[in-house]
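Asks: Quick one: this structure, given as structure tokens, is what I'll be asking you about.
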Amino acid sequence: GVLSDSFDNLGGAADDVASGDLPGIGNPLGNTTPITVLEELPGGGIDEGRGMLQLVHDVAPGADLAFHTAFLGQADFANGIIELAEAGSDAIVDDIIYLDEPMFQDGIIAQAVDQVVADGAAYFSSAGNNARNSYESAFNPSGQFEPIFGGELHDFDPGVGGDVLQSITIPVGAQFLVSFQWDSPFFSVSGGAGSPNDLDIFLFDESGTNILDGSFAGNIGNDPVEVFGFVNDGSFGTDQFNLAISNFEGPNPDLLKYVQFNRNVTINEFATNSSTTYGHANAAGAEAVGAAFYQQTPEFGVNPPLLEPFSSAGGTPILFDTDGNRLPEP
């Protein structure tokens, strides 16, 4: 079973069957069992799911194959995992992450992974391509406050000094995209009180005096997550910017973390090079698969395989159970 964007939005599936790259009626190699498409993306996909199915068919040409889109929201993704298992898939793979999946709690997709694995399936998910482009820390109160809402700013400097700005380089034309979270329970997972605090993330200009953009959703009673994107369109005359984090309301978190999704953005100071695999790939039942160039694998004399430098790193702790209770041990 495969979950990705789409199977045949581009209209090449019939040609793949005719060429032997996919099974189905008319496959010239006798692999005539059609792929079961449980749910297709209505449109706009690039058929990465079909590409994954081609690879599976190359490796295991006798395997029955099934597909379900993962692009219609987290609930549909989770249901797709269960539906694939119920349709007979005993090995399931995906290459998708939702940026607002919980980092410190098993969300609905991770719970679906654990459910099908407990029932006997094997589940494989991409670890991700974010290297160690992650910052994490306890919230360190600075006594300084951001000028828009008045939240207290986080002190990035772990030493005796203080610095509420983290210098970053965003090349012209590049996007800075992060998922920023902290150690509070998700209302969308647990129900109940949700997050007791409200943190925000801001991008300042090179001088550190003007806020250019930010993400500042109301988190109290909701989910402790801010997904923030910014594009350096060249109008700023620089590639140097500053990141800031504030606590607008509620207790200071013991752990805050952002994962950065663009390889060409550089964190110039206070980098912690932390884990970047999170969400359902970090579920207890999932096998999170890293990346290795094929010529740097045992087949070509490199054993163990050499991890690509962009491949995401594990180690993100699960701090809450699915009811929102903090675990005695992560």
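Asks: ³J(HN,Hα) across the stretch 157-168 via Karplus (A = 6.51, B = -1.76, C = 1.60, θ = phi - 60°), whole Hz, x for Gly/Pro?
Replies: Here the 3J(HN,Hα) series is 6, x, x, 7, x, x, 7, 8, 10, 10, 6, 9 Hz.
Asks: With r as the distance between the Cβ atoms of Gln144 and Glu48 and R0 = 56 Å, compute the FRET efficiency 1/(1 + (r/R0)^6) and round to 0.05.
Replies: About 0.80, to the nearest 0.05.
Asks: Compute the convex hull volume of the Cα atoms of the chain, divide it by the residue count, and report the result per residue in Å³ as a whole number.
Replies: It is 165 Å³ per residue.
Asks: When the dipole is taken about the Cα centre of the stretch 4-144, and only Lys, Arg (+1) and Asp, Glu (-1) are charged at their Cβ, what size is it in debye, to the nearest 20? Don't jump to the answer; show the numbers that get you there.
Replies: Values: 2 positive and 23 negative charges, 59 e Å.
Its charge dipole is roughly 280 debye.
Asks: Let me ask something additional. Please give me the summed charge of the neighbours of Pro141: other residues whose Cβ is under 10 Å from its Cβ, Lys and Arg +1, Asp and Glu -1.
Replies: Summing Lys and Arg as +1 and Asp and Glu as -1 gives -2.
Asks: When ligands, DNA and RNA are left out and all protein chains stay put, how many square angstrom of accessible area per residue does the stretch 55-130 have with a 1.4 Å probe? Numbers along the way, then the final one.
Replies: Working: 3070 Å² over 76 residues.
Per residue, the stretch 55-130 has an accessible area of 40 Å².
Asks: Continuing with the same structure: Which percent of the accessible heavy-atom area of the chain goes to carbon and sulfur, probe 1.4 angstrom?
Replies: Ligands and nucleic acids excluded, carbon and sulfur reach 52 percent.
Asks: What ranking, highest mean first, results for peptides 239-251, 168-180, 98-110 when packing means the other Cβ atoms within 10 Å averaged over each residue? It would help to have the intermediate numbers written out before the result.
Replies: Numbers: 239-251: 20.2, 168-180: 18.3, 98-110: 23.9.
The packing order, highest mean first, is 98-110, 239-251, 168-180.
Asks: Still on this structure: Could you compute the net charge surrounding Val289? Neighbours are other residues with a C-beta less than 11 Å from the C-beta of Val289; K and R count +1, D and E count -1.
Replies: Once all neighbours under 11 Å are counted, the net charge is -3.
Asks: Stokes-Einstein at 25 °C, 0.890 mPa s, Kirkwood radius from Cα pairs: D for the stretch 51-127 in µm² s⁻¹?
Replies: Using the Kirkwood radius from Cα pairs, D works out to 188 µm²/s.
Asks: With contacts defined as alpha carbon pairs under 8 Å and 6 or more residues apart, what's the relative contact order of the chain in percent?
Replies: Reported relative contact order: 21 percent.
Asks: Taking Cα atoms of the stretch 206-289, Rg/Rh with Kirkwood Rh, to two decimals?
Replies: Rg/Rh for the stretch 206-289 comes to 0.99.
Asks: Further, regarding this structure: Using the heavy atoms of the protein chains alone and a 1.4 angstrom probe, what is the accessible area of the stretch 288-330 per residue in square angstrom?
Replies: 68
Asks: Whole-Hz ³J(HN,Hα) for each residue in the stretch 79-95, computed from phi via Karplus 6.51 cos²θ - 1.76 cosθ + 1.60 with θ = phi - 60°, x for glycine and proline: what do you get?
Replies: 5, x, 4, 5, 5, 4, 5, 5, 7, x, 6, 9, 9, 10, 9, 9, 9
Asks: Place a point 7 Å from the Cα of Ala291 along the Cα-to-Cβ direction; which residues of the stretch 103-142 have their backbone N under 20 Å from it?
Replies: Under cut-off, by backbone N: 124-135.
Asks: Express as a percent, rounded to the nearest 5, the fraction of DSSP beta bridges in the chain (both residues included) that run antiparallel.
Replies: Roughly 70 percent of the beta bridges in the chain run antiparallel, per DSSP.
Asks: Right, here's the next one. What do the square roots of 5 times the Cα gyration tensor eigenvalues come to for the stretch 265-330, in whole Å, largest first, as semi-axes of the equivalent ellipsoid?
Replies: They are 30, 19, 9 Å, listed from largest to smallest.
Asks: Give, to the nearest whole percent, the P(r) tail of the stretch 160-317 beyond 26 angstrom, counting all Cα pairs.
Replies: Cα-Cα pairs of the stretch 160-317 separated by over 26 Å account for 39 percent.
Asks: I've got another one for you. Once you put a point 7 Å from the Cα of Glu206 and another 7 Å from the Cα of Asn264, both along the Cβ direction, what distance in nm separates them?
Replies: Going by the 7 Å Cα→Cβ label model, 1.9 nm.
Asks: Moving to a separate point now. Please state, rounded to one decimal and in Å, the Kirkwood hydrodynamic radius that the stretch 1-106 gives when every pair of distinct Cα atoms enters the mean of 1/r.
Replies: Here the Kirkwood hydrodynamic radius works out to 14.1 Å.
Asks: Can you give me the distance in nm between label points at Asp323 and Val231, each placed 7 Å from the Cα along the Cα-to-Cβ direction?
Replies: 4.6
The values are calculated or read from the model by the stated rules, or taken from the named source; none is laboratory data. Keep in mind that what you see is a predicted model, and the values were worked out from it rather than measured. Cβ: placed from backbone, ideal geometry, glycine included. Neighbour counts: every protein chain shown. These area figures cover heavy atoms from the full protein model, side chains too; ligands, DNA and RNA do not enter into them. Shrake-Rupley method; radii C 1.70, N 1.55, O 1.52, S 1.80 Å.
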